Structure formats: structure tokens, C-alpha cells
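Scroll down for the structure; my scribbles are underneath it.
The values are calculated or read from the model by the stated rules, or taken from the named source; none is laboratory data. Computed from a predicted model, the values in this text were never measured in an experiment. FYI the Cβ positions are ideal-geometry reconstructions off the backbone, even for glycines, and counts take in every protein chain you see. SASA here: full protein model, heavy atoms, side chains in, ligands and nucleic acids out. Shrake-Rupley method; radii C 1.70, N 1.55, O 1.52, S 1.80 Å.
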Amino acid sequence: MSELDLAAIRAQFPILQQQNRGKRLAYLDSAATTQKPEAVLQALDLYYRSANANVHRAVHELAERATTAYEGARDRIARFVNTPREQIIFTRGTTESINLVARSFLQPRLQAGDEVLLTGMEHHSNIVPWQLAGAKTVAAPLNDRGELLLDEWRKRISPRTRLIAVCQISNSLGTVNPVAEMIAIARAHGIPVLIDGAQAIAHTPLDFTALGADFYAFSAHKLYGPTGFGVLLARREHLEAMPPWHGGGDMIRTVSFEGSTWNELPYKFEAGTPDIAGAIGCAAAIEWLDQLGVAKAAAHEQALLDYATPRLAEIPGLRLIGTAAHKAGILSFVMDAAHPQDIGTVLDMEGVAIRTGHHCTMPLMQRFGVPATARASLAVYNGRDDIDQLLAALRKVNKLFG
Ligand code: PMP
């Protein structure tokens, strides 16, 4: 099926050796969060055991060690995404990265009636921050396969469009958007673009400099790294012009009661004690994935998707939601026999971990006329055995409810 040594990969994920409700665990919920390999667990452990101290501010050896590891993590992330380290802002995740852009970049440029152009498949974290900043959110429609109608999207670019924001891969459908083409069109209109890379970062090689987007957001936890840590990549000219959004330690150059001045990039946007272990864990995850090869991992997942899709479609009463020609690692579906919540419960009893609900994409659920879907999502540690276990459990759903 692929060149990957699946057994060797799985052996690196202690959590996958566990059972789920007494059955073999088939973890098919990586779009919610990926599991963490030993290399990441060890990096976190080693940091807290041997280098824990606050960064940047002290002279003692531990503090120096912590700072070296923390800033080394930034350099490692920089190489992975081909972006200068000054343009790598550490955040708590994709959500915070987008909120940063909404508050610090978009809001100061907004006038009443100004728009942010989105697609109908965006995650709530790529909708709500723009609304909170005061923008009107305009969404381009999708076809019945869950693909963006590019001409319709293009038509919605208006003189009021202040920003274009789009997910590279949909977390609910797996649809891969033509972001390179969209960025080229946006640039021709002089409109800045933010790419929500949360679902893409572990499944598509990223060269932020070559991509030409203005902003790119991702989370470590969907990249085999820890939760609560993420990154915002941004063009230097934007970061230099943007005001800081959180005030506190580390983001300042000078402070007085008359006023304060800001630190250099990237620290201007990083107030307070950061998630030091998070950065180190993220870099360890990147090192691990890079050694494996993102493209190789993606090819493995694609082969598995190709195996699963026709077999899932054969289950009586099952309807796949999202059948894009260009699609990655997600199987969203509904069944005549049972509500997604009941599907999830039966699957759980069979050892299969999936997600049910709206997946933080309520407008997308509305588009497809469903309140929720059941979603199986793939990662590099999944194999045909996981899919076969899913298929058997789905047949059981039909037997129980059909
Ligand atoms: N956008 C997309 C496409 C996502 O898949 C996710 C996470 N499921 C997010 C944004 C939000 O990421 P986080 O919760 O890590 O901030």
C-alpha cells in the first residue's frame, strides 16, 4: 500500500497500544487531535527534568538551557515551514493565531461594512474572530461534493473585501482548496490572505515563503505535538506595522507610566511566560515528521482514503458528505439507520474512536442539511486494519438500528 513501515511507526505511539472498551483501539479521530510519538513525549519529559526555567530573563545555567531549547525550537519550526524566525509568532494554537490577525491586523483597517471573504467550509475559529473584530463575513458557496465554487468565490471579491481567509484543507470534509490559485487572485486584487493550515500542516509540505500568503496559522496538536501551542506565520512588513495585542512581560522594550515601547519581532506579539515545553514539543514533533517525510505520510493517508472510500460507500444507507476530487484524510458521513451520536457510541463499543457532531463548522452542516456527521479522520499511524474495524462496526450499527 505504501513505503511506510506501519508497525514501526505504531510502535512509537504508546497510547495506540491501549485498548478501547476492551477492544483493539482504532484511533480515527486525528482531525480532532493527533496522538504523540515517543520522541515528543521524551522531549517534553527531558525539558521538565533537565532544563525547566523561565526563558529570556535570567543568567543561571538552567535558564540559559531553557532559552536555548526554546529558541532552538523556533529555528527548527522555521526550517520546516521555510520562514525567517522573526516571522514565526508563538501562540496557543490556530484559534489564537487567527484572533491575533483579527485584532491586530484587520480591526485597525476596518470601516463599517467592510468584509472578510471566506468559504462555506470554514471552522468557527476562521469565522468568529473576524466577526468579533467588526467585519462582515461573506462566504462563497460549495457544490454538492463539498468543493469551493471558485468562480462564485471570485465574484464575491468586492471593494469592501479587506481580507480573504480560507482553510487549506477542510477539517470536516477533507476538501483540499486551491490555495495557490486563490492567493494569486487575491494578490492581483491587492487583498491580503490568511490560510488556516490547522488541518493541512501534518498532511501537506509547507513552504510559507513560496506560498505567498500573508498569514498562515497552525496548531502543534494536529501535527503530532502537544496541545495548547501553535504558530502564526506572517509577512514581515505586516508584523512590523501591526500593533501588539497582548501586553505584559517580554513584549516590551521599555515601560514607564508615561508610555511603553515594544520589543523586536517576534517578541512584540508574545507577552508573558510562554508555553516553553509546547514549543519544544512542537519542534520535536516536526523533527519526527520531517524524518518520516510529510509527503510520504500524505501518500500513505491518501492510499488509505482510496481504500476506505468505496468500501464505506457500499454500507447500506450510508451517505458520504464531502466527495471532492481533491481530498485528504477525512471521511464524513451520515447513516439512515442512526444519528451520528448513536453511530459514535456503537463504534466506541467496538474500539473505534471517531468524532460526531458539527466539527466546529455549523454553516457547513447547514449547507448539507444535516445537524451533524460522523467523521473518521486519518493519520500516518492508521492502516487498513483500522478501516476494516470501522467497516465491521458500521455494519453492526445497521444491524442494531436498521
Ligand atoms: N481550523 C481548522 C481547519 C481546524 O481543523 C481546527 C482544529 N480542529 C482549527 C481551525 C482550530 O484549531 P485549534 O483548536 O487548535 O486552535
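May I ask you to say which residue of THR95, THR119 is within 16 Å of the ligand (Cβ to nearest atom) and open to solvent by 60 Å² or more (accessible area, probe 1.4 Å)? Steps first, answer last, please.
Numbers: THR119 fails: open to solvent by 60 Å² or more (accessible area, probe 1.4 Å).
Just a single option satisfies the conditions, and that option is THR95.
Can you pull out the residues in the stretch 98-111 that are in contact with a strand residue (DSSP E or B) (Cβ under 9 Å, 6 or more places away or on another chain) and away from the ligand (no atom under 15 Å from the Cβ)?
First, pick out the residues of the stretch 98-111 that are in contact with a strand residue (DSSP E or B) (Cβ under 9 Å, 6 or more places away or on another chain): 98-102, 105-106, 109-111.
Hits for the stretch 98-111 are PHE105, LEU106, ARG109, LEU110, GLN111.
In the condition set (1) within 16 Å of the ligand (Cβ to nearest atom); (2) open to solvent by less than 40 Å² (accessible area, probe 1.4 Å), ALA66 is compliant with all but (1). Just to be sure before I move on: is GLU270 of a type in the set (Asp, Glu), under 30 Å from SER104 (Cα atoms) and either in contact with a helix residue (DSSP H, G or I) (Cβ under 6 Å, 6 or more places away or on another chain) or buried (at least 16 other Cβ atoms within 10 Å of the Cβ) (or both) in the structure I sent? Criteria met by GLU270. If the condition is being farther than 23 Å from ILE88 by Cα and among the aliphatic types (A, V, I, L, M), then the stretch 183-216 contributes ILE185, ALA188.
Annotation: of all residues in the stretch 210-243 being among the aromatic types (Phe, Trp, Tyr) and part of a loop (DSSP other than H, G, I, E, B), the one that is nearest to the ligand (Cβ to nearest atom) is PHE229.
Looking across the stretch 293-321, the residues that are open to solvent by 40 Å² or more (accessible area, probe 1.4 Å) and not small (Gly, Ala, Ser) come down to LYS296, GLN302, ASP306, THR309, PRO310, ARG311, GLU314, PRO316, ARG319. Counting the residues of the stretch 365-402 that are in contact with a strand residue (DSSP E or B) (Cβ under 8 Å, 6 or more places away or on another chain), closer than 25 Å to LEU118 by Cα and not in a strand (DSSP E or B) gives 5.
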